Amino acid sequence: MAGLKIKKGDRVRVLTGKDRGKEGVVMRVMPKENKVIVDGVNVARKHQKARTATMQGGIIDKDMPIPVPNVAVISPADGRPTRVGYKVQADGTKIRVCRRTGAELG
């Protein structure tokens, strides 16, 4: 499997599923599972039992993983979803670029 084009800290939009259209920042990338965790998207409610006297129990919200093909990076130039490409600069370093506008991705 090739490396993922989505990195931690990227702003992405969900393309399919129950959270379609929502935007958020990638908190964690899991390349082996081909999934990402996006802040505030695909939230599941989990019943947490109090294990110690200091740890509080109750219902907590937990961000669950989303498959990478279901999200698209938001272009910094115009704020629309885009595909990610690569460009090799003159000094030999490789940077990620927006395929539609050509803007550099952070």
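Tabulated data
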read-out	value
Contour minus Cα-Cα distance for Lys5 and Thr101 (0.36 nm per residue)	32.9 nm
Per-pair calculated FRET efficiency, R0 = 22 Å: Arg80 and Val43 via Cβ, rounded to 0.05	0.35
Net charge of neighbours whose Cβ lies under 14 Å from the Cβ of Val38, counting Lys and Arg as +1 and Asp and Glu as -1	+4
Relative contact order for the chain, counting Cα pairs under 8 Å that sit 6 or more residues apart, in percent	21
Long-range HN-HN contacts of Asp10 with modeled amide H, under 5 Å	Val26
Given charges at beta-carbon only (K, R positive; D, E negative), |dipole| of the chain in Debye	280
Positive-end residue, the chain charge dipole about Cα centroid, Cβ charges, pick of Ala77, Pro65, Leu4	Pro65
Proxy reagent accessibility, fewest Cβ within 10 Å first, across Ile60, Ile37	Ile60, Ile37
Mean projected area in nm² (Cα convex hull; one quarter of hull surface) for the chain	9.1
Rounded FRET efficiency, nearest 0.05, which uses the C-beta distance separating Arg51 from Lys94 and R0 of 41 Å	0.35
Per-selection Rg to Rh, the range 8-50 - Cα, Kirkwood hydrodynamic radius	1.04
Pair Glu33, Met64: separation of 7 Å Cα→Cβ label points (nm)	1.1
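No lab work stands behind these numbers, since they all come straight from the coordinates. Quick caveat, the model's predicted, so the values are computed rather than measured. Cβ coordinates were reconstructed from backbone atoms using ideal geometry, including for glycine residues, and neighbour counts include every protein chain displayed.
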